[in-house]
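A short write-up of the structure that comes next.
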Amino acid sequence: MMSAGDVGPAMVPRAAPARRSGTVGAVSCRAVPYNRCMAHRVTLIPGDGIGPELAEATRRVLDATGVDFEWEVVDAGEAVMAEHGTPLPEHVLDSIRRNRTALKGPITTPVGKGFRSVNVTLRQVLGLYANLRPARSMAGVRSRFDDVDLIIVRENTEDLYAGIEHMVGRDAAESIKIITREASERIARFAFEYAVANGRRTVTAVHKANIMKLSDGLFLESCRTVAADYAGRIEFEDRIVDNMCMQLVQKPELYDVLVLPNLYGDIVSDLAAGLVGGLGVAPGANIGTDAAVFEPVHGSAPKYAGQNKANPTALILSGALMLRHLGHPDVAERVEMALRHVVAEGRTVTYDLGGSAGTSQFADAVIERLAAAPAVAS
Ligand code: NAD
């Protein structure tokens, strides 16, 4: 059974490369040593909108695995603006720095005005340079394909997300796209290390270097430079982003690990989520040298907030990525298997998967299945 993600440089190349969706970290993400007498201290940010319900469901599932967690719950987002004058108070960052691992629900970002995205700020301030977003078909989830197994590796710190924008007079605006060799080579290396560690075959760099010859040209050149170090082990190819989108909706099974600058990575990972059944099932990890934050691809879906309606799959799968990061690959596998079982069975799933169960009933079903499956120590 393939897994949705190991972490860390347990990244030994596998002799018989069964294709896995795997090891979360590549270059810098280290499995955190786990002394069985010690709990893992993890920062838990419930987030806005549907976030708190999903966070509670996920916490219950993770606690039910038997791995000992000590959750440090801290709030960020809309709810803390009034009290702290910022959606991202310093003590939230301190908590993540201290614990080095966080599980995070989605946080609302006002469109076109208001505070800067907490999500983008977190990634930049903590140096979470790699955004890993596996997209893998699940039995029981209605979608056009049943054999998608893509890994999206998105650069997380620069590009148009650098936040350098200004008005030019009243009627024009400029956003500056930053691409550096250092960040591009670092993300390319992450993608290749990930491929090696998880028995993947091919890394595809995605760009628009035919038009943005300097910025995207530098990204592509950096990927080529890094690819040379993996020649004979991992194949390398590149695609222009518009063509890549068309190819993905026609024949996603041809692609394996994709590495992209920030903006294309964001867009293409939503596209990939759509290929496997939607945002409700797409997990993610933000990995840096000193910390890692696990969160779903989806946002806070405010219209479903507080209704016990949203699908917790993406956050639970993000929790499984976190288990791998913390050095519990077998437990992560159990969580994924239990979740896949519940989804495939289809009796206790949320509205987006064609069911009528609530968020908490879905979590109960996963927990019940976990209890039924044999525990494996890891
Ligand atoms: P969204 O992902 O919140 O929701 C889009 C739609 O997808 C929802 O209306 C719903 O139909 C569906 N959906 C999403 N998650 C679901 C789930 N778990 N279960 C069932 N259905 C689900 O996207 P949006 O409406 O564009 O964004 C809402 C807010 O979230 C915005 O403020 C945005 O900035 C923010 N956002 C935050 C993050 C993050 O925290 N990392 C990511 C994306 C968007």
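The strands (runs of 3 or more DSSP E) found entirely in the range 212-310 that carry 3 or more residues being under 17 Å from ILE152 (Cβ atoms) and within 16 Å of the ligand (Cβ to nearest atom) are 285-287, 292-294. All told, LEU128 falls short of being among the hydrophobic types (A, V, I, L, M, F, W, C), outside any loop (DSSP other than H, G, I, E, B), within 15 Å of the ligand (Cβ to nearest atom) and in contact with a Leu (Cβ under 8 Å, 6 or more places away or on another chain).
In the range 36-62, the residues that are farther than 16 Å from SER360 by Cα reach residues that are part of a helix (DSSP H, G or I) and near the ligand (Cβ under 10 Å from one of its atoms) with C-beta atoms within less than 6 angstrom, at least six apart or across chains, in these pairs: ASP48/GLU78.
Restricted to the range 253-287, and to residues there that are more than 15 Å from the chain's Cα centre (by Cα) and closer than 19 Å to ASN198 by Cα, the residue that is surrounded by the fewest Cβ atoms within 10 Å (Cβ to Cβ) is LEU254.
Only residues that are assigned to a helix (DSSP H, G or I), within 14 Å of the ligand (Cβ to nearest atom) and not small (Gly, Ala, Ser) were counted across the range 36-62, and they come to 5.
I'd like to check something: does the range 163-180 contain any residue that is touching a residue at least 12 places away in the same chain (Cβ under 8 Å) and out of contact with any Asp or Glu (no Cβ under 9 Å at 6 or more places or on another chain)? Taking every residue of the range 163-180 in turn, at least one turns out to be touching a residue at least 12 places away in the same chain (Cβ under 8 Å) and out of contact with any Asp or Glu (no Cβ under 9 Å at 6 or more places or on another chain).
Here the range 63-84 is the region considered, the condition is being part of a helix (DSSP H, G or I) and over 15 Å from GLY47 (Cβ atoms), and the residue that is most open to solvent (accessible area, probe 1.4 Å) is GLU83.
Residues in the range 311-365 that are surrounded by fewer than 24 Cβ atoms within 10 Å (Cβ to Cβ), assigned to a loop (DSSP other than H, G, I, E, B) and within 16 Å of the ligand (Cβ to nearest atom): GLY346, THR348, VAL349, THR350, GLY354, GLY355, SER356, ALA357, GLY358.
Evaluating ILE152 against the criteria (1) open to solvent by less than 70 Å² (accessible area, probe 1.4 Å); (2) away from the ligand (no atom under 12 Å from the Cβ); (3) within 19 Å of ALA291 (Cα to Cα); (4) of a type in the set (A, V, I, L, M, F, W, C) leaves one unmet condition, (3).
Report whether or not ARG98 is more than 23 Å from ASP270 (Cβ to Cβ), touching a residue at least 60 places away in the same chain (Cβ under 8 Å) and assigned to a helix (DSSP H, G or I). In short, no. Scanning the range 155-179 for residues that are of a type outside the set (A, V, I, L, M, F, W, C) and crowded, with 16+ Cβ neighbours inside 10 Å turns up GLU155, ASN156, THR157, GLU158, ASP159, TYR161, LYS177.
Being aromatic (Phe, Trp, Tyr), touching a Ser or Thr at 6+ places or on another chain (Cβ under 9 Å) and in contact (Cβ under 8 Å) with a residue 40 or more places away in the chain is true of PHE219.
Tell me, yes or no, whether the range 187-205 has at least one residue that is of a type in the set (Ser, Thr, Tyr), in contact with a helix residue (DSSP H, G or I) (Cβ under 6 Å, 6 or more places away or on another chain) and open to solvent by less than 10 Å² (accessible area, probe 1.4 Å). No, because not a single residue in the range 187-205 is of a type in the set (Ser, Thr, Tyr), in contact with a helix residue (DSSP H, G or I) (Cβ under 6 Å, 6 or more places away or on another chain) and open to solvent by less than 10 Å² (accessible area, probe 1.4 Å).
Checked against (1) within 16 Å of the ligand (Cβ to nearest atom); (2) more than 20 Å from ALA273 (Cβ to Cβ), ASN99 passes all but condition (1).
The values are calculated or read from the model by the stated rules, or taken from the named source; none is laboratory data. These numbers come from a predicted model, not from an experiment. Quick reminder, even Gly has a Cβ in these numbers, built from the backbone with ideal geometry, and neighbours come from all protein chains shown. Calculation scope for accessible area: heavy atoms of the full protein, side chains included, ligands and nucleic acids excluded. Shrake-Rupley method; radii C 1.70, N 1.55, O 1.52, S 1.80 Å.
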